[in-house]
1. For THR99, all conditions in the list (1) open to solvent by 60 Å² or more (accessible area, probe 1.4 Å); (2) out of contact with any strand residue (DSSP E or B) (no Cβ under 9 Å at 6 or more places or on another chain) hold save one; what is the number of the exception?
2. Within the range 2-18, can you find the residues that are on the phi < 0 side of the Ramachandran plot and either part of a strand (DSSP E or B) or of a type in the set (A, V, I, L, M) (or both)?
3. For the range 60-116, list the strands (runs of 3 or more DSSP E) that sit wholly inside it and hold at least 1 residues that are of a type in the set (Gly, Ala, Ser); which are they?
4. Do we have GLU63 as among the acidic types (Asp, Glu), over 11 Å from the mean Cα position of the chain (by Cα), more than 22 Å from SER117 (Cβ to Cβ) and open to solvent by 50 Å² or more (accessible area, probe 1.4 Å) here?
5. Of the residues in the range 33-60, how many are within 11 Å of the chain's Cα centre (by Cα) and either surrounded by 18 or more Cβ atoms within 10 Å (Cβ to Cβ) or in contact (Cβ under 8 Å) with a residue 24 or more places away in the chain (or both)?
Amino acid sequence: VQLVESGGGLVQAGGSLRLSCAASGSIFRNYVMGWFRQAPGNQRELVATISSGGRTNYAESVEGRFTISRDNAKNTVYLQMNTLKNEDTAVYYCNYRRTVAAGLVEYWGQGTQVTVSS
């Protein structure tokens with residue numbers, strides 16, 4: 001599975017950005033896609049996930065400001081980020097995961113930088 005991200009950039013605090021992640025390759029029916037982020041000196045953390053059935057999960061820090069969605073026909077997941085804060089500055093990584101008999105199969109995108117300025 002290959003994941004190609006786009007949409008990062010520089011934005012002022014209070015502004016909005018939309019990230020996209022297109023998956024290609026051996027895509028199966030039941031999988032979860034999502035976004036994680038990593039700021040300098042911090043561990044990678046969950047931002048939001050969405051299942052193939054549309055169930056969503058958000059980090060408390062972004063609840064109400066970010067919205068994750070997906071287009072199954074295009075195997076693409078989106079992250080709409082509104083009311084951005086300085087602390088949202090990080091490299092954002094797209095994630096694809098699927099549970100198989102042997103465990104978890106997981107892939108990551110290359111990351112896209114989001115910088116929020118004051």
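1. Every listed condition holds for THR99 apart from (2).
2. GLN2, LEU3, VAL4, GLU5, SER6, LEU10, VAL11, GLN12, ALA13, LEU17, ARG18
3. Per the criteria, 66-71, 90-100, 103-108.
4. Yes, satisfied.
5. Counting residues in the range 33-60 that are within 11 Å of the chain's Cα centre (by Cα) and either surrounded by 18 or more Cβ atoms within 10 Å (Cβ to Cβ) or in contact (Cβ under 8 Å) with a residue 24 or more places away in the chain (or both) gives 10.
The values are calculated or read from the model by the stated rules, or taken from the named source; none is laboratory data. The model shown is predicted, which means the values in this text are computed figures rather than measured ones. With ideal geometry, Cβ positions are generated from the backbone for all residues, glycine too; neighbour counts draw on all protein chains shown. Only protein heavy atoms, including side chains, enter the accessible area calculation; ligands, DNA and RNA are left aside. Shrake-Rupley method; radii C 1.70, N 1.55, O 1.52, S 1.80 Å.
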